[in-house]
1. Quick one: which of LYS207, LYS243 is at pLDDT below 95 and closer than 15 Å to PHE164 by Cβ?
2. In contact with a strand residue (DSSP E or B) (Cβ under 6 Å, 6 or more places away or on another chain) and either of a type in the set (A, V, I, L, M, F, W, C) or modelled with pLDDT of 85 or more (or both): does that describe VAL184?
3. Which residues, counting only those in region 151-177, are at pLDDT 95 or above and assigned to a loop (DSSP other than H, G, I, E, B)?
4. Please go through region 141-150 and give me each residue that is touching a residue at least 12 places away in the same chain (Cβ under 8 Å) and either assigned to a loop (DSSP other than H, G, I, E, B) or open to solvent by less than 40 Å² (accessible area, probe 1.4 Å) (or both), ordered by number.
Amino acid sequence: MKTKIILDSTSDIPKNWLEKYDIDIVSLHVNWPNDESEPDDTRDEEELKEFYEKLSNAEQLPKTSQPSIVQFQEAYKKAIDNGYDSILVLTISTKMSGTYNSALLASQEFEIPIKVIDTKMASSVIANMARYARELLESGMDLDDVVEQLQIARENKKFHAIFFVSDFDFLVKGGRVSRFSGFVGNLLKIKVGIFINKDGEMIPFDKVRGYKKAYNMILTKMEEEGVKIGKKIGLIGIHCNAKEHVEEMLKLIRERYKLEYFEMSNTGKVISTHVGIGMAGFGIEILE
């Protein structure tokens, strides 16, 4: 069967992977206080830098909203019209968005197999998962078995999302994390480490002052989460106008791990709205 993979825009997928792994995107939206709404529909670095500047200068942060059922229906119809026999949809965690529900409800209008998975993840690690799904499909595995294998891999902690934010208030104001006792991130140079747990929630795990300590905080958390030194891994470096910090952490990672693949990606409009300028980290796939 010819299977189309569809992600939502919070997957922050590297631009070149869209064609490489035959992936389409359904956009969430950013809604500004002046009633302006814009789709989270670009993976172009320069366009995203313009959005970062707009976000930095905003007196009041925008809200974000999930894709409509109609948007997913249109994406499914496009795939069918282009000759695909089945569709695999990977969405952001239901703990963070109602996107999964829109995708699932839309799938009920079609006769071809459409499998919708709550990844219990967010941002670039969803792209890691999509890469793995395409690899399984190309090996000849049928869609039902691919879905099962993805779920097993998720439970067995094959995938990880670990990053730090430079302004914890973005996450708090957006309602995506609770203000845990002791995690006050708006102090000068404080970096708050965040990971996504098995239930699909963003959890603060540590806070440090300064970038060098932040880098070590991320690498230490990788080990704690089962990404043991010496393992073969694949990475997507993800950042919100903080590319240099991904590059510095990558130097340390190369000394400790066998890096099978690496891509760099910017946070899209929706993820940027929640994590804030200065976020940096990784979507991680353990390959052995």
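The values are calculated or read from the model by the stated rules, or taken from the named source; none is laboratory data. Here the structure is a predicted model, which means the values were calculated and not measured. Methodologically, a virtual Cβ is constructed for each residue, glycine included, from the backbone with ideal geometry; neighbour enumeration extends over all protein chains shown. The area values use the complete protein model at the heavy-atom level, side chains included, leaving out ligands, DNA and RNA. Shrake-Rupley method; radii C 1.70, N 1.55, O 1.52, S 1.80 Å.
1. LYS207
2. On the way: in contact with a strand residue (DSSP E or B) (Cβ under 6 Å, 6 or more places away or on another chain): no; either of a type in the set (A, V, I, L, M, F, W, C) or modelled with pLDDT of 85 or more (or both): yes.
Answer is no for this residue.
3. Within region 151-177, ASN156, LYS157, LYS158 meet the criteria.
4. Narrowing region 141-150 to residues touching a residue at least 12 places away in the same chain (Cβ under 8 Å): 142-144, 146-147, 149-150.
Passing the criteria: ASP142, LEU143, VAL146, VAL147, LEU150.
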